[in-house]
1. Hey, could you grab the Kirkwood Rh for segment 302-357? Inverse mean 1/r over distinct alpha carbon pairs, Å, one decimal.
2. Using amide H atoms built 1.01 Å from N in the peptide plane, name the residues 5+ places from V94, or on other chains, whose amide H lies under 5 Å from its own.
3. Per-residue ellipticity at 222 nm for the chain, helices alone: DSSP H runs ≥ 4 residues times -39500 (n - 2.57), over residue total, nearest 500 deg cm²/dmol?
4. Output wanted: per-residue J couplings in Hz (rounded whole) for segment 334-340, from phi through Karplus 6.51 cos²θ - 1.76 cosθ + 1.60, θ = phi - 60°, x for Gly and Pro.
5. Could you give the angle, 0 to 90 degrees to the nearest 10, between helix 74-83's Cα long axis and the longest principal axis of the Cα atoms of the chain?
6. Relative to the first principal axis of the alpha-carbon coordinates of the chain, what is the inclination of helix 343-355, with its axis defined by its Cα atoms, in degrees from 0 to 90 and to the nearest 10?
7. List the residues, sorted by chain then number, that are 5 or more residues from L308 or on another chain and whose placed amide H is less than 5 Å from its amide H.
8. With only alpha-carbon atoms counted, please give the Rg and Dmax of segment 200-258, in Å.
Amino acid sequence: MRVVLVGPTYPYKGGGAAHTTELAHRLAAAGHDVVIESWRAQYPSFLYPGRQTADTPDGEPFGNVRRELDWRRPDGWVRAGRRLRDADLVVLAVLSPVQVPPYLGILAGLRRRTRVVALCHNVLPHEPKPYDRPLMRALLRRVDGVLVHSEGQAAKARELGARSVRVAEMAPHLPSRGAGRTAATGRVHRRLLFFGLVRPYKGLDVLLRALPEGVSLRVAGEFWGGLEERTRALVAELGLAERVELRPGYVAAADVPGLFADVDALVLPYRSGTASQQVWMGHEHGVPVIATRAGTLGEHVADGVDGLLAEPGSVEDLRAVLAAFYRPGEPERLRAGVEPVDPGPYWASYAEALLSR
């Protein structure tokens, strides 16, 4: 089957680019003829407050990539659609509703001569705008199928008019498989880690308010918009300056293992969520995960075995869970229960859901 994936890949960074790249590798390994139709310019800079690209890839780049799409060139959107008419399947990776106008241009160029699936990482954004719903409705009503990563997202897609919706759990696409896995030495560092792009829905402020006495926190990742300034102000307000280490900025794959080497757990205090790699990321580096039951996080943590679960948005519940985690012997016991994820079965199911009619 000739498959075209329209979405970001290196030099773009982040989970969406990593997913597109890994999906291309997996489909090619299964014998399909795969092309990534990527971006020369993906978003206006004001829509993504941070650097969109990375100097070095987080994993193995895919070899067959075209980088001609440009948000500023509608003529190029239609031209891309014409170019893709001989494909058996076109997959539109939907990371944000702002991509919908280019995707509608591609659909116009295709003239419905090939099957099109919208692969929605999020049907609607975590921080919605008034134009999100009409844009997504326009796209989902025009494609042949929609693939989402949870039943909740499927319900949103159907509400917006999608005709054929499939659900497949997001498969692991970790940047540094097997690297830096720490040994269960029995040492407790009394340090926790918050890692990744810092956005309001991820609940860093909840974690700061719940942080137990005598425990420090490392925060590593890019801050969304003005969140860095607000976070620093909250740290000062709570008197946590001596116990909170902020490392703002993108973390390259080579630097990730060092973040996990001297922490007791990865904490994911999300208020809401859909699908995430973060639990698998923590387990890949040998640490238990303390997460909320938002989105699929609760499905990836075996509560009391390789991590602990708290209620989303509750400072009191997270504080109690963190206190339970630091009971004598508990960090060591939970670390001993951590096992890295096997990505093979996830990708087999994912490819089947994507390719089947």
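Bear in mind that the values in this text are calculations on the coordinates, not laboratory data. Remember, it's a predicted structure, so these values are computed and weren't measured experimentally. Cβ atoms come from the backbone with ideal geometry, glycine included; neighbour counts cover every protein chain shown.
1. Hydrodynamic radius (Kirkwood, Cα pairs) of segment 302-357 is 13.9 Å.
2. L119, C120, H121
3. Counting only the DSSP helices, I get -9500 deg cm²/dmol.
4. 5, 4, 5, x, 7, 10, x
5. The helix 74-83 is inclined about 70 degrees to the chain.
6. The answer is roughly 30 degrees.
7. Distant-sequence amide H within range of L308: V289, I290, A291.
8. 11.8, 34
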